[in-house]
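First comes the structure, then the notes that go with it.
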């Protein structure tokens, strides 16, 4: 009897990460949810099913990620997929940004993604699939809600994904990224409380609305599935027709 497919989802306590964990579980995966918000990720996992695993980990802590991913892979009986949804947003205007803020955003969005990629790959065999989570901010250079630090960090995720796809291809591991547009999650709830700003951002998309976390999760689930077997190093833009790249 073959084991169920397994996955690690970082940033699984809320938003796109939580929606992805639930979607993969619905599709029959055993999932380890990872988040620095321990109570949050445990709540999401508990509501999803006892066969899943919750790990309180900070993706910027290299030692914790090394140990935690090894623990997850052992508990899951192997690792087939990784989704790197953990990250932070920043709306600081360009001329008000300082180096400390820039470093904080990069630590979480870029280094945290890299560490997760590297450690997941150690526990994967041929057929493993990874989906990083970038943003249209990385394609456009911001201009919606996220500004310089956030946009450049997500641009770095786009480049990191392509490099990882090249580096891991010899192991038979595919790496892709999703670039969501504005998505209704706790990360943008504060800025979207400004109705004028929300209307402006939503009106920029052909569909004239923000996305839902579940819509992004569905696209991610495709990218980490065997159905995407010939997709590698690609960026799937899910933005309601905002960029149209």
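Take residue 151 and tell me if it is more than 17 Å from the chain's Cα centre (by Cα) and either within 18 Å of residue 82 (Cα to Cα) or assigned to a helix (DSSP H, G or I) (or both). Criteria not met by residue 151.
So, of the residues in region 169-195 that are surrounded by fewer than 16 Cβ atoms within 10 Å (Cβ to Cβ) and under 17 Å from residue 231 (Cα atoms), which turns out to be farthest from the chain's Cα centre (by Cα)? Only one residue tops the list, namely 170.
Could you please give the count of residues in region 30-43 that are under 16 Å from the mean Cα position of the chain (by Cα) and either surrounded by fewer than 23 Cβ atoms within 10 Å (Cβ to Cβ) or in a loop (DSSP other than H, G, I, E, B) (or both)? Total satisfying the criteria: 2.
Table: residues versus (1) at pLDDT below 95; (2) within 16 Å of residue 233 (Cβ to Cβ); (3) surrounded by fewer than 22 Cβ atoms within 10 Å (Cβ to Cβ).
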| position | (1), (2), (3) |
| --- | --- |
| 59 | no, no, no |
| 69 | no, no, no |
| 110 | no, no, yes |
| 140 | yes, no, yes |
| 167 | no, yes, yes |
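Among the residues examined, residue 159 does not qualify as assigned to a helix (DSSP H, G or I), touching a strand residue (DSSP E or B) at 6+ places or on another chain (Cβ under 9 Å) and either more than 19 Å from residue 89 (Cα to Cα) or free of Cβ contacts under 8 Å to residues at least 24 places away in the same chain (or both).
Residue by residue through region 163-202, note down the ones that are touching a strand residue (DSSP E or B) at 6+ places or on another chain (Cβ under 8 Å), within 21 Å of residue 87 (Cα to Cα) and outside any helix (DSSP H, G or I). Can you show your working first?
Initially, region 163-202 is screened for residues touching a strand residue (DSSP E or B) at 6+ places or on another chain (Cβ under 8 Å), giving 164-165, 168, 173-184, 192.
Checking which are within 21 Å of residue 87 (Cα to Cα) leaves us with 164-165, 175-184, 192.
Within region 163-202, 175, 176, 177, 178, 179, 180, 181, 182, 183, 184 meet the criteria.
Annotation: residue 62 fulfils all but one of (1) in contact (Cβ under 8 Å) with a residue 24 or more places away in the chain; (2) more than 16 Å from residue 112 (Cβ to Cβ); the unmet one is (2). Each residue in region 221-230 was checked for being surrounded by 14 or more Cβ atoms within 10 Å (Cβ to Cβ) and within 16 Å of residue 165 (Cβ to Cβ), and 3 pass.
Against the conditions (1) buried (at least 21 other Cβ atoms within 10 Å of the Cβ); (2) in contact with a strand residue (DSSP E or B) (Cβ under 8 Å, 6 or more places away or on another chain), residue 153 satisfies every one except (2).
Does region 218-230 hold any residues that are assigned to a helix (DSSP H, G or I) and within 21 Å of residue 173 (Cβ to Cβ), and which are they? The answer is 219, 220, 221, 222, 223, 226, 227, 228. Condition (residue is in a helix (DSSP H, G or I), more than 14 Å from the chain's Cα centre (by Cα) and either surrounded by 19 or more Cβ atoms within 10 Å (Cβ to Cβ) or at pLDDT 95 or above (or both)) applied to region 123-135: is it met by at least one residue? So far as region 123-135 goes, no, none of its residues is in a helix (DSSP H, G or I), more than 14 Å from the chain's Cα centre (by Cα) and either surrounded by 19 or more Cβ atoms within 10 Å (Cβ to Cβ) or at pLDDT 95 or above (or both). Looking across region 73-102, the residues that are under 22 Å from residue 164 (Cα atoms) and outside any loop (DSSP other than H, G, I, E, B) come down to 73, 81, 82, 83, 84.
One line per residue, one yes/no per condition, for (1) without any contact (Cβ under 8 Å) to a residue 60 or more places away in the chain; (2) in a strand (DSSP E or B); (3) touching a helix residue (DSSP H, G or I) at 6+ places or on another chain (Cβ under 6 Å):
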residue: 8; (1), (2), (3): no, yes, yes
residue: 13; (1), (2), (3): yes, no, yes
residue: 16; (1), (2), (3): no, no, yes
residue: 19; (1), (2), (3): no, no, yes
residue: 28; (1), (2), (3): yes, no, no
residue: 46; (1), (2), (3): yes, no, no
residue: 71; (1), (2), (3): yes, no, no
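The values are calculated or read from the model by the stated rules, or taken from the named source; none is laboratory data. The model shown is predicted, which means the values in this text are computed figures rather than measured ones. Every residue, glycine as well, gets a Cβ built from its backbone with ideal geometry; the counts of neighbours run over all protein chains shown.
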